[in-house]
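Q: The structure under discussion is supplied below as structure tokens; questions concerning it will follow.
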Amino acid sequence: MSHIVTIETQVRDPVAIQAACRRLSLGQPIYGETRLFSGVRTGWQVQLPAWRYPIVCEVESGIVQFDNFNNRWGNRGRLDEFLQSYAVEKCRLEARRAGHTCTEQKLEDGSIKVTVNVGGALE
């Protein structure tokens, strides 16, 4: 039986942040305080390609802070790619923790379909 799931991503897992960075060939995230244009933030810093400031993942709240000045300081699409990669990696981590396997398929629209295999049945 197939189930469609909609996920609103909250970035709370440092291991999945690191895995998303590896998936996208980004530098390793760094935990600490950093200055964005709008102020100082503390969390896991991820430098996206061609972004003036890093994004900051505050895992306690799940919020991602960033300054891209309406795409002038960084393409919002790069953030969307990171969030998608984070969601896929978090799903893979949780499936493995539960003893399941999963596969993924990149779709024509750029989205990724993740299938979790639970006890021989695809869920």
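Q: Mind listing just one residue for me: the one in the stretch 66-97 that is more than 13 Å from the chain's Cα centre (by Cα) and open to solvent by less than 60 Å² (accessible area, probe 1.4 Å) and, of those, nearest to Thr9 (Cα to Cα)? Lay out the reasoning, then the answer.
A: Taking the stretch 66-97 first, the residues more than 13 Å from the chain's Cα centre (by Cα) are 66-76, 94-97.
Remaining after also requiring open to solvent by less than 60 Å² (accessible area, probe 1.4 Å): 67-68, 73-74, 95.
Working: Asp67: 19, Asn68: 19, Trp73: 23, Gly74: 20, Ala95: 17 Å.
Checking each candidate, the answer is Ala95.
Q: Please work out which one of (1) open to solvent by 60 Å² or more (accessible area, probe 1.4 Å); (2) at pLDDT below 95; (3) of a type outside the set (Gly, Ala, Ser) is the condition Gln28 fails and give its number.
A: (2)
Q: Could you list, in sequence order, the residues of the stretch 56-91 that are basic (Lys, Arg) and touching a helix residue (DSSP H, G or I) at 6+ places or on another chain (Cβ under 7 Å)?
A: So the first thing to find is which residues in the stretch 56-91 are basic (Lys, Arg), and the list is 72, 76, 78, 90.
Result: Lys90, single match.
Q: In the stretch 60-79, how many are among the aliphatic types (A, V, I, L, M) and over 21 Å from Arg23 (Cβ atoms)?
A: Our first condition is that a residue be among the aliphatic types (A, V, I, L, M); within the stretch 60-79, this holds for 63-64, 79.
Filter once more, so that each one left must be over 21 Å from Arg23 (Cβ atoms): 63.
Result for the stretch 60-79: 1.
Condition check ((1) within 30 Å of Gly39 (Cα to Cα); (2) modelled with pLDDT of 90 or more) across all residues:
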residue: Gly62; (1), (2): yes, yes
residue: Phe66; (1), (2): yes, yes
residue: Arg72; (1), (2): yes, yes
residue: Ser85; (1), (2): yes, yes
residue: Glu94; (1), (2): no, yes
residue: Arg97; (1), (2): no, yes
residue: Glu108; (1), (2): no, yes
residue: Gly119; (1), (2): no, no
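Q: Determine, yes or no, whether Phe37 is open to solvent by less than 40 Å² (accessible area, probe 1.4 Å) and out of contact with any His (no Cβ under 9 Å at 6 or more places or on another chain). First the steps, then the outcome.
A: Values: open to solvent by less than 40 Å² (accessible area, probe 1.4 Å): no; out of contact with any His (no Cβ under 9 Å at 6 or more places or on another chain): yes.
Considered against the rule, which asks whether it is open to solvent by less than 40 Å² (accessible area, probe 1.4 Å) and out of contact with any His (no Cβ under 9 Å at 6 or more places or on another chain), Phe37 comes out as no.
The values are calculated or read from the model by the stated rules, or taken from the named source; none is laboratory data. The model shown is predicted, which means the values in this text are computed figures rather than measured ones. Cβ: placed from backbone, ideal geometry, glycine included. Neighbour counts: every protein chain shown. Accessible surface areas use protein heavy atoms only, side chains included; no ligands, DNA or RNA. Shrake-Rupley method; radii C 1.70, N 1.55, O 1.52, S 1.80 Å.
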